[in-house]
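The structure under discussion appears below in the form of structure tokens.
The values are calculated or read from the model by the stated rules, or taken from the named source; none is laboratory data. What you are looking at is a predicted structure, and each value in this text was computed from that prediction instead of being measured. Cβ coordinates were reconstructed from backbone atoms using ideal geometry, including for glycine residues, and neighbour counts include every protein chain displayed.
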Amino acid sequence: MKKVLFLFISLIFFACTKQQESILDSYNTSDLKEIFEQKKVNGCFIIHDFKNNKSLTYNSERLDSAFLPASTFKIINSMIALETEVIKDEKEIIEWDGKKRFIESWNKDHNLASGIKNSVVWFYQELARKIGVERMKYWVETAGYGNKNIGGKIDLFWLNGDIRITPNQQIEFLKKLYLNQLPFQKKNQETVKKILLVEQTNDYSIRAKTGWAARIAQEIGWYVGYLENKDNVYFFALNMDINSSGEAKYRKQITTDILKVLNLKQ
């Protein structure tokens with residue numbers, strides 16, 4: 001009887017242990033390093049298995065280094081704009097000012113959905129000006145975003161001001177957004193998650209945002225977001241140096257290559 005009981009307990013323990021295994025356990029840093037080296041890129045990457053609370057990283061020292069958020073700040077900027085009601089929803093239009101800018105898709109009217117999809121700087125600058133310094137400061141601090149310092153011009157501080165955020169902090173911020181645990185109304189967090197959708201298949205969805213800090217000596221790029229499938233959620237953050245405009249495409253390419261190597265993406 002004791003042997004049967006011991007066998008039963010062992011089987012339960014083994015089953016639980018197997019359930020707690022992460023697909024990330026089958027890979028290591030060298031798998032990620034190879035992808036970065038193929039592109040000759042200096043950067044870092046983290047992917048976090050939410051269900052099993054495990055991470056796979058490359059260049060872990062850089063993951064705790066703080067950088068300008070650049071256009072990844074549009075994620076929180078969108079929520080603050082909705083929370084302060086400077087824009088009512090993702091469909092409300094802000095008219096283009098008629099000034100021609102170097103990216104053609106910017107030269108028209110936009111709403112939150114199209115503004116974040118096309119990373120329209122003038123649109124988010126207008127939102128920031130309407131929010132104002134006082135309310136922007138309050139919400140950035142309340143949300144605990146990065147170093148919480150919005151020093152600089154209200155419509156430029158995320159591009160060349162004093163605010164900084166680490167790749168690890170990006171992951172924690174995204175986890176709170178996923179769980180609706182940020183200090184914003186649930187409906188506003190849900191709206192932002194909806195407009196962050198960049199890919200949807202029968203097997204998974206990806207919500208993400210690029211960033212490119214191009215107004216500083218060492219330009220840097222971001223790609224942050226999460227992949228959700230029927231079983232789990234995987235949060236990711238890529239940060240890299242950009243030394244020429246042609247390297248900007250590697251933000252998404254490296255991330256995509258990694259997700260494919262991990263068999264998370266087709």
Selection over segment 160-187 where residues are within 20 Å of Leu227 (Cα to Cα) and over 14 Å from the mean Cα position of the chain (by Cα) yields a count of 4
Need the failing condition index for Lys176 against (1) surrounded by fewer than 21 Cβ atoms within 10 Å (Cβ to Cβ); (2) farther than 19 Å from Val140 by Cβ; (3) free of Cβ contacts under 8 Å to residues at least 40 places away in the same chain, just the number. (2)
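Hey, among Gln218, Gln169, which residue is in a loop (DSSP other than H, G, I, E, B), farther than 26 Å from Lys88 by Cα and at pLDDT 95 or above? Show your work before the answer.
Numbers: Gln169 fails: in a loop (DSSP other than H, G, I, E, B).
Checking each option against the conditions leaves just Gln218.
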Take segment 243-263 and flag every residue that is in contact with a Phe, Trp or Tyr (Cβ under 7 Å, 6 or more places away or on another chain) and either of a type in the set (Gly, Ala, Ser) or buried (at least 21 other Cβ atoms within 10 Å of the Cβ) (or both). Ala248, Arg251, Ile254, Thr255, Ile258
Report, ordered by the first and then the second residue, all pairs with beta carbons closer than 7 Å, sequence separation of six or more or different chains, a first member in segment 249-261 that is at negative phi, and a second member that is buried (at least 18 other Cβ atoms within 10 Å of the Cβ) and of a type in the set (Phe, Trp, Tyr). Arg251/Trp222; Arg251/Tyr223; Lys252/Tyr223; Ile254/Phe36; Thr255/Tyr223; Thr255/Phe236; Ile258/Phe45
Among Ile80, Ile94, which is the only one that is under 18 Å from the mean Cα position of the chain (by Cα) and modelled with pLDDT of 95 or more? Ile80
Pull up segment 21-54, narrow it to residues that are free of Cβ contacts under 8 Å to residues at least 40 places away in the same chain and among the hydroxyl-bearing types (Ser, Thr, Tyr), then point me to the one that is farthest from Gln253 (Cα to Cα). Ser22
